[in-house]
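To start, the structure under review is shown below, and the notes come after it.
The values are calculated or read from the model by the stated rules, or taken from the named source; none is laboratory data. Bear in mind that the values here come from a model prediction, so they are computed numbers and not experimental data. Reconstructed Cβ throughout: ideal geometry from the backbone, glycine too, with neighbour counts over all protein chains shown. What goes into the accessible areas is simple: the full protein's heavy atoms, side chains included, and nothing from ligands, DNA or RNA. Shrake-Rupley method; radii C 1.70, N 1.55, O 1.52, S 1.80 Å.
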Amino acid sequence: MKLTTFTIVTLDGVMQGLGGPDEDRRGGFERGGWSAPLVDTEAMSYLVQVYQRADAFLFGRRTYGIFAGYWGAFENPEVNPIASALNTRPKYLASTTVTYPQWKNTTALSGDTAAAIGELKARPGGELQVHGSGELCRWLLANDLVDEMILLIVPVVVGQGTRLFPDTGPDIALELAESRATPKGVTIQRYVPIGRPKYATATADGIG
């Protein structure tokens with residue numbers, strides 16, 4: 001399966017608390033719910049398409065808890081395409097603290113996480129998707145386990161909160177595979193990691 005990460009971020013790279021004011025208040029975050037006013041019909045349609053093409057889902061502990069509490073308790077999930085996908089397809093949890101997940105169709109990955117994810121990727125099928133799960137996404141990228149990265153960039157600067165990428169970390173070269181914008185200015189960027197970036201080198205005349 002191809003491993004795809006899907007992240008909704010602000011223009012300044014924040015991914016914390018996108019859904020509602022009380023979704024994630026870690027660190028005193030007070031600006032939650034920033035995506036709802038700007039994620040328009042076209043962006044939502046794209047989001048639905050992404051979920052529907054998933055063969056399985058991979059989560060980090062915190063995002064798993066948020067999703068299980070909302071989508072796992074969704075009444076009549078069959079009438080909502082996102083709820084239906086999340087509740088009927090296999091889910092895998094990369095966590096060392098949650099060993100008996102309650103959400104149906106969930107398997108906790110134990111032992112060597114990289115090896116376990118490698119085994120999932122080696123299985124036949126279309127797409128193993130990671131939604132949210134910032135810490136997991138950064139770890140997957142650092143370990144060269146990501147085949148495709150999709151960003152929905154919402155045109156707002158919130159000025160605080162946890163960002164997708166930290167101030168320091170591994171460097172990653174990306175190839176743009178798709179780019180589009182919705183009527184409200186949400187940009188959809190699909191990238192393929194292609195190793196490490198190339199940097200300019202100094203020459204005698206000072207031009208790289």
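Couple of notes before you dig in:
- Enumeration of residues in region 35-91 that are of a type in the set (K, R) and assigned to a strand (DSSP E or B): K91
- Test: L136 is touching a helix residue (DSSP H, G or I) at 6+ places or on another chain (Cβ under 9 Å), under 21 Å from R62 (Cα atoms), assigned to a helix (DSSP H, G or I) and open to solvent by less than 70 Å² (accessible area, probe 1.4 Å): yes
- Unmet requirement for I172, which otherwise passes all of (1) of a type in the set (V, I, T); (2) more than 19 Å from the chain's Cα centre (by Cα); (3) more than 24 Å from Y51 (Cβ to Cβ): (2)
- Looking only at residues of region 78-103 that are hydroxyl-bearing (S, T, Y) and in contact with a helix residue (DSSP H, G or I) (Cβ under 9 Å, 6 or more places away or on another chain), we find that the one that is surrounded by the most Cβ atoms within 10 Å (Cβ to Cβ) is Y92.
- Taken over region 139-187, the criterion of being polar (S, T, N, Q), surrounded by fewer than 16 Cβ atoms within 10 Å (Cβ to Cβ) and touching a residue at least 40 places away in the same chain (Cβ under 8 Å) is satisfied by Q160 alone.
Here is a yes/no grid of residues against (1) within 24 Å of F67 (Cα to Cα); (2) over 13 Å from the mean Cα position of the chain (by Cα):
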{"residue": "G126", "(1), (2)": "yes, yes"}
{"residue": "H131", "(1), (2)": "yes, no"}
{"residue": "L141", "(1), (2)": "yes, no"}
{"residue": "I150", "(1), (2)": "yes, no"}
{"residue": "L164", "(1), (2)": "yes, no"}
{"residue": "T168", "(1), (2)": "no, yes"}
{"residue": "A177", "(1), (2)": "no, yes"}
{"residue": "P197", "(1), (2)": "no, yes"}
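- Considering region 43-71, the residues that are more than 23 Å from R190 (Cβ to Cβ) and of a type in the set (A, V, I, L, M) include one that is most open to solvent (accessible area, probe 1.4 Å), namely I66.
- Condition check for R61: touching a helix residue (DSSP H, G or I) at 6+ places or on another chain (Cβ under 9 Å) and of a type outside the set (A, V, I, L, M, F, W, C): yes
- Taking region 122-132 as the range and being loosely packed, with under 15 Cβ neighbours inside 10 Å and in a loop (DSSP other than H, G, I, E, B) as the test, the residues that pass are R123, P124, G125, G126.
- Selection from region 127-173 of residues that are of a type in the set (K, R) and either in contact with a Lys or Arg (Cβ under 7 Å, 6 or more places away or on another chain) or closer than 24 Å to T106 by Cβ (or both): R138
- Just so you know, in region 104-121 the residues that are open to solvent by 50 Å² or more (accessible area, probe 1.4 Å) and either part of a strand (DSSP E or B) or not small (G, A, S) (or both) include one that is farthest from L47 (Cα to Cα), and it is D112.
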